[in-house]
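Report on the structure given below.
Where a number appears in this text, it was derived from the coordinates with a stated rule and is not lab data. Not measured: the values here are computed from a predicted model. Reconstructed Cβ throughout: ideal geometry from the backbone, glycine too, with neighbour counts over all protein chains shown.
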Amino acid sequence: MSQNPISLPAKLINGGIAGIVGVTCVFPIDLAKTRLQNQRKGQQVYRSMMDCLIKTVRSEGYFGMYRGAAVNLTLVTPEKAIKLAANDFFRHHLAKDGKGLTVFKEMLAGCGAGMCQVIVTTPMEMLKIQLQDAGRLVAQQQKPVMLTPTKLVAANTMLSRSYNSGTVVSAPPRAVSATQIAKELLQTQGIRGLYKGLGATLMRDVPFSVVYFPLFANLNQLGKPNPDQSSPFYWAFLSGCAAGSAAAVTVNPCDVVKTRLQSLNKGAAEETYNGVVDCISKIMRKEGPSAFLKGAGCRALVIAPLFGIAQVMYFVGVGEYILDNSPLSLMSV
């Protein structure tokens, strides 16, 4: 299989369709994950994933669960396309003489895929998190928070600062779109503004791909009737779910750090961070090790079906079918 020629356009189409279908199904859980990860000790608005979703629907309506979905659906196509196609590309070129890949080479291919995808992942996550977390900030401001006199003075002095400064915002954030946020970031900080948290995104996505792709490949291999046949679609789905949830929980601490660094709006008395190391040390000191597992259950619930659906769509070969039946292809026959 590794020596068969691969069609990158078909792989890109497969990855894009898989991403759109998967994200549409699991986006509300992803929103709950972001809000739970951004909660600080003593300022909890939500007790659990279900509590978060119920409160979101009550205060923001059904479509409140899809805050940030537009930017995610727009950018998830190239993101998933790059991730899945790059892994296939690296696996193809790392295979030699028709022999199967070693686990090390599978991990190397996954590492390459993870590094490629952050080109799209970082700005996508950056914009999505601002939109997803807006409702939490409003809910937190409506809930009385006990502040020490020192913190209260500090919060009052920074009452109306813009989210671009990454400081405290005490007034409910105005409704903004991803386009507005992107324009303001580009005007004030240049392209660097959209790539805030790049280091943390690499810390999350590279290990995720290193764990996910080899684990999926080996689990999927177990479902093949023989080496020359593909595994059934349900086995690809289950393998994607199992590998995705395992990889998601493994890298959840990195996802918490990335979410905190990319959250530009801050509630009253919430910490600001000056980089990955500063973020890790402040979370550990003020919230304890358990803070790094915030949203882990939600993240597993997001990633499991997302990658299960992705692998089914990917291995069904929708991209190959589209290309084979496109007008240009039919005219050339």
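For K266, which aspartates and glutamates qualify as cross-link partners when the Cα separation must be under 13 Å and same-chain residues fewer than eight apart are set aside?
Leaving aside aspartates and glutamates fewer than 8 places away in the same chain, those within reach of K266 are D133.
Check K266: other-chain or 5+ apart residues with amide H under 5 Å from its amide H, H built from backbone geometry?
V169
Pop out the ³J(HN,Hα) list for segment 203-214 in order, Karplus 6.51 cos²θ - 1.76 cosθ + 1.60 with θ = phi - 60°, rounded to Hz; leave Gly and Pro as x.
Listing the rounded values in order: 4, 8, 6, 5, x, 4, 5, 5, 7, 5, 5, x Hz.
Which values of log₁₀ I(q)/I(0), to two decimal places, follow from the Debye formula for segment 209-278 at q = 0.13, 0.20, 0.23, 0.28 Å⁻¹ with a uniform point scatterer at every Cα?
Computed log10 I(q)/I(0) values: -0.55, -0.81, -0.94, -1.15.
Report, in listed order, any pair from K83/K224; K55/K83; K33/K96 with a Cα-Cα distance greater than 31 Å.
K55/K83; K33/K96
If one computes the Cα centroid of segment 101-123 and of segment 35-80, what distance in Å separates the two points?
First find each Cα centre; the distance between them is then 27 Å.
Compute the Rg/Rh shape ratio of segment 233-328: radius of gyration over Kirkwood radius, all on alpha-carbon atoms.
Here Rg/Rh amounts to 1.20.
Among G317, F292, S281, whose Cα sits farthest toward the positive end of the charge dipole of segment 277-327 (+1 at Cβ of Lys/Arg, -1 at Cβ of Asp/Glu, about the Cα centre)?
S281
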